[in-house]
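As structure tokens, the structure follows; a few thoughts come after it.
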Amino acid sequence: MPSITFIHPDGRRQEIEADDGSSVMQAAIAEGLEEILAECGGNCMCATCHVYVIEDSAGALPPPTQDEDALLDGTAAERRPNSRLSCQLPASEGLVLELPERQT
Amino acid sequence: MSTTEAPASDLDPFSIAFFDDPFPEHARLREAGPVVRLRHLGCWGVARWQEVTAVFNDWPTYVSSRGVGLQDFARETPWRSPSLVLERDPPEHTRARAVLGRVLSPAAMKGLREDFAAAAERKVAELLDRGTFDAIPDLAEAFPLSVFPDALGVRPDGREHLLPFAAVTFNAFGPDNDLRRQALAGVAPHLAWVMEQCRRENLAPGSFGAAIHAAADTGELTPEEAPVLVRSLFSAGLDTTINGIGAALWCLARFPGEYARLHADPSLARAAFEEAIRFESPVQTFFRTTSRPTELGGVPLGEGEKVLMFLAAANRDPRRWDRPDAYDIARRTSGHVGFGAGIHMCVGQLLARLEGEVLLAALARRVRGIEIAGTPVRRYNNTLRGLASLPLTLHAA
């Protein structure tokens with residue numbers, strides 16, 4: 001059960017326990033985090049599970065695929081160098097992710 | 001896990017009686033078991049969310065290239081050349097899908113939002129002036145028809161072929177029943193017009209159609225493939241959004257408490273549309289074909305067997321959803337299969353959401369209440385669920 005930390009747009013930090021093998025998006029939805037919409041359900045097709053990766057101490061995150069990279073060009077909140085789609089990120093111990101102001 | 005014999009059903013899920021009220025039959029199918037033998041069709045059926053999702057996500061086993069209707073392309077010739085996306089498997093599917101994904105990307109939607117929102121405002125203002133109207137032709141059809149054909153790049157003349165062509169496409173996924181036979185009997189002029197429109201010289205510059213043809217310049221598509229890929233937007237770009245918007249209007253009219261929430265907070269428009277897709281499931285069903293012997297929900301399936309997925313039943317499966325029969329615009333809908341799932345998930349889902357959102361947001365701001373002003377009439381199609389007529393009265397805010 002890796003624990004990951006979300007930083008809400010108001011600066012509040014929230015640590016959650018993710019199920020083994022789940023994605024960051026799935027963990028956020030399971031926890032009821034309103035800032036993650038995941039309209040396409042995790043198929044890497046909608047760009048509404050956008051997060052900013054603040055810390056990846058385990059270095060466990062795969063690089064974005066071409067599909068994810070193209071979708072990130074259309075995020076509702078500003079794309080930054082650390083922008084990712086959370087449905088593509090395995091939940092791994094110690095991840096710190098900032099949630100954007102908006103997803104649509 | 002040991003395998004078991006599947007329960008059998010004599011249900012005809014493509015009959016008019018079923019279309020009139022599918023929900024009790026959906027519940028019976030879900031309760032019968034994870035996989036049900038549909039004797040009438042000679043295929044398997046899955047109605048629970050878990051199995052529907054499993055079939056969608058296992059494309060090597062449950063292929064699309066043998067047709068996503070009851071007809072098996074390995075045994076029968078399809079009525080038109082197969083779609084380059086819907087009726088293909090990887091690796092061929094991947095290449096064509098990437099082109100459409102780019103044309104209909106989130107970034108592309110940003111460029112359309114302002115125009116679509118302005119068109120929605122005009123439409124709602126016009127209907128408020130009229131007060132009472134038929135929400136299917138005058139709104140659910142009129143709004144997408146006012147924005148989508150232009151975005152696709154279609155010439156103004158001959159657009160009366162658009163809706164009949166789409167209806168044939170979705171009727172053709174069903175069994176050889178009256179709906180399918182009548183649809184195919186009249187398809188020739190519609191198909192001829194559509195294929196003519198799909199040619200590069202007939203598509204407006206800057207349109208979706210032109211962008212698809214541009215992929216032939218870079219070698220991503222062959223010049224022969226480009227018009228066939230454009231055809232997918234004629235098949236799937238209009239009836240789907242029409243029935244999606246129709247579903248949302250029908251839901252909001254039936255559940256005034258939910259309309260009141262939307263009116264109080266128009267930012268819920270996108271969620272109200274999405275929940276209507278879950279609740280009504282405008283696309284009710286799709287088939288897959290097994291590419292090898294396999295096992296699903298403990299039931300052994302042979303090679304070359306059709307599996308019918310009941311999307312609408314999965315979207316109201318109590319194993320997955322709390323209060324599944326309630327239309328709740330604040331529901332977390334992520335994971336519903338109204339747009340499908342997996343590699344074939346609707347490539348136009350962002351466009352559908354954009355259309356639904358801007359229209360419901362315009363309503364929410366300008367309209368205090370929606371009233372049903374006459375008896376709704378159902379429209380029958382082998383795949384699509386929706387109404388032909390929905391008389392409504394709007395009360396200005």
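The values are calculated or read from the model by the stated rules, or taken from the named source; none is laboratory data. Please read these numbers as outputs of a predicted model, since none were measured by experiment. Counting neighbours? That spans all protein chains shown, and the Cβs are built from the backbone with ideal geometry, glycine included. Just the protein is used for accessible areas: all its heavy atoms, side chains included, with ligands, DNA and RNA removed. Shrake-Rupley method; radii C 1.70, N 1.55, O 1.52, S 1.80 Å.
Numbers for the structure displayed
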read-out: Top positive-direction residue, dipole computed over the range A:1-50 with Cβ charges, set A:ALA28, A:SER3, A:CYS44; value: A:CYS44
read-out: Cβ-isolated cysteines (cut-off 4.7 Å), chain A; value: A:CYS44, A:CYS49, A:CYS87
read-out: Share of carbon and sulfur in the accessible heavy-atom surface of the range B:303-397 [1.4 Å probe, %]; value: 50 percent
read-out: Fraction of accessible area attributable to carbon and sulfur, the range B:113-167 (%, probe 1.4 Å); value: 52 percent
read-out: Cα centre as origin, Lys/Arg/Asp/Glu Cβ charges: the protein assembly as shown dipole, Debye; value: 840 debye
read-out: Accessible carbon and sulfur surface of the range A:3-98 relative to its total accessible area, %, 1.4 Å; value: 44 percent
read-out: Size of electric dipole in the range B:217-319: Cβ of Lys, Arg +1 and of Asp, Glu -1, about Cα centre, debye, nearest 20; value: 480 debye
read-out: Å² per residue, accessible surface of the protein assembly as shown at 1.4 Å; value: 39 Å²
read-out: R0 of 51 Å, Cβ-Cβ distance A:SER57-B:ASP178: FRET efficiency to nearest 0.05; value: 0.20
read-out: Sum of -39500 (n - 2.57) over DSSP H runs of 4+, divided by residues of the protein assembly as shown (222 nm, nearest 500); value: -12000 deg cm²/dmol
read-out: Mean Cα-pair separation over length for the range B:3-396, i.e. relative contact order, pairs under 8 Å, 6 or more apart, %; value: 27 percent
read-out: Within 10 Å of each Cβ in B:323-333, the average number of Cβ atoms from other chains; value: 1
read-out: Per-residue average of Cβ from other chains inside 10 Å of A:35-44; value: 6
read-out: Accessible-area ranking of B:SER207, B:SER15, largest first, probe 1.4 Å; value: B:SER15, B:SER207
read-out: Buried area at the B-A interface (accessible, heavy atoms, 1.4 Å probe, summed, Å²); value: 1300 Å²
read-out: Electrostatic dipole magnitude of the range B:3-396 [Cβ: Lys, Arg +1; Asp, Glu -1; Cα centre; debye, to 20]; value: 480 debye
read-out: Cα gyration tensor, chain A - rounded (a/c under 1.5), prolate or oblate; value: rounded
read-out: Buried on assembly, the range B:96-128 (at least 40 Å² less accessible surface than by itself, 1.4 Å probe); value: B:PRO106, B:LYS110
read-out: Relative contact order (%) - criterion: Cα under 8 Å, at least six apart; region: the range B:134-291; value: 26 percent
read-out: Residue mean of other protein chain beta carbons inside 10 Å, A:68-75; value: 4
read-out: For chain B: rounded, prolate or oblate by the Cα gyration tensor [a/c cutoff 1.5]; value: oblate
read-out: Surrounding net charge for A:LEU99, when Lys and Arg each add one and Asp and Glu each subtract one, Cβ distance under 15 Å; value: -3
read-out: For the protein assembly as shown: rounded, prolate or oblate by the Cα gyration tensor [a/c cutoff 1.5]; value: rounded
